[in-house]
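Data first, discussion second: the structure below is written as structure tokens.
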Amino acid sequence: IRTAEALIERVPASIALGMYECPFPYKRLLSPEIIKWALATERFFFIKDTCCDPNMLKERLSIVRGTQMKLFNANAQTLLYSLKEGAAGYSSVMANVHPELYAWLCTNFNTFPEVANHLQHVLCFTSFVESLSYPLIAKYYMRRQGVPIEIAIRARDGNDFSHYHVSVMDRLGELTKDE
């Protein structure tokens, strides 16, 4: 908190701030006290939540309910639950693969609950592909959708992306095209 306060003093008040929990390589979660502190500063408007825990999500959403702060879930497995509890939306790497499915779920989960429940199951399992050489898989998938993008990254050798990855991402495309 002291470090964040020092940073806030140097950032113009007109700039809205957000917090992103570190999911990897060392998972660091925000405590309820830190969230309450952030609210009290009136500078924070966004939390990218990576807790992946329904009980913790419920507690966090009760803390931010009725405030300027919006919680965006970064975990597909708990997304529908968090939306029902008041989360503002989804913010995770799989939105680079099929953003239209996440957008539909965030917009329509109350209107079409049976479809939303089915889509939640699909997204739950399809999100496991993010462990397969992300962001290479997302770039491949985006290129497959017509986005002119090179399948290369600075952090890893492009050889990490194999025929296996292509096959998985092609099957994912077939699975989700009718969703």
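Taken together, the values in this text are just the output of simple stated rules run on the coordinates, not laboratory data. The structure displayed is predicted, hence computed values, not measured ones. For neighbour counting, all protein chains shown are included, and Cβ atoms are generated from backbone atoms with ideal geometry for every residue, glycine included.
For Cα Rg over 2.2 N^0.38 Å, the listed values are (i) 1.08; (ii) 1.14; (iii) 1.02; which was obtained by calculation from the structure presented? Here Cα Rg over 2.2 N^0.38 Å agrees with entry (ii).
Measure up Lys84/Lys139; Lys36/Lys58; Lys48/Lys70; Lys58/Lys84; Lys84/Lys177; Lys27/Lys84 against 19 Å on the Cα-Cα distance and list the ones that go over.
Numbers: Lys84/Lys139 31 Å; Lys36/Lys58 15 Å; Lys48/Lys70 9 Å; Lys58/Lys84 10 Å; Lys84/Lys177 25 Å; Lys27/Lys84 25 Å.
Among Lys84/Lys139; Lys36/Lys58; Lys48/Lys70; Lys58/Lys84; Lys84/Lys177; Lys27/Lys84, the Cα-Cα distance tops 19 Å for Lys84/Lys139; Lys84/Lys177; Lys27/Lys84.
Taking all Cα pairs closer than 8 Å and separated by 6 or more residues, the relative contact order of the stretch 1-47 comes to 48 percent. Tell me whether the stretch 1-72 comes out rounded, prolate or oblate; compute the Cα gyration tensor, take square roots of the eigenvalues as a ≥ b ≥ c, and use a/c under 1.5 as the rounded threshold. Oblate is the answer for the stretch 1-72, as a/c is 1.5 or above yet b/c matches or exceeds a/b.
Please state the relative contact order of the chain as a whole percent: Cα pairs under 8 Å, 6+ residues apart? Provide the component values of the computation, followed by the final result.
Values: 199 pairs, mean separation 24.2, N = 179.
Relative contact order of the chain: 14 percent.
Annotation for the stretch 19-94: trypsin sites (Lys or Arg not before Pro) lying in DSSP loop with at most 14 further Cβ atoms inside 10 Å of their Cβ are Lys27, Arg65.
Loop only per DSSP, at most 15 neighbouring Cβ atoms within 10 Å: give me the trypsin sites (Lys or Arg not before Pro) in the stretch 89-179, ordered by residue number.
Working: sites: Lys139, Arg143, Arg144, Arg154, Arg156, Arg171, Lys177; in loops: Arg154, Arg156, Lys177.
Sparse-neighbourhood loop trypsin sites (Lys or Arg not before Pro): Arg154, Arg156, Lys177.
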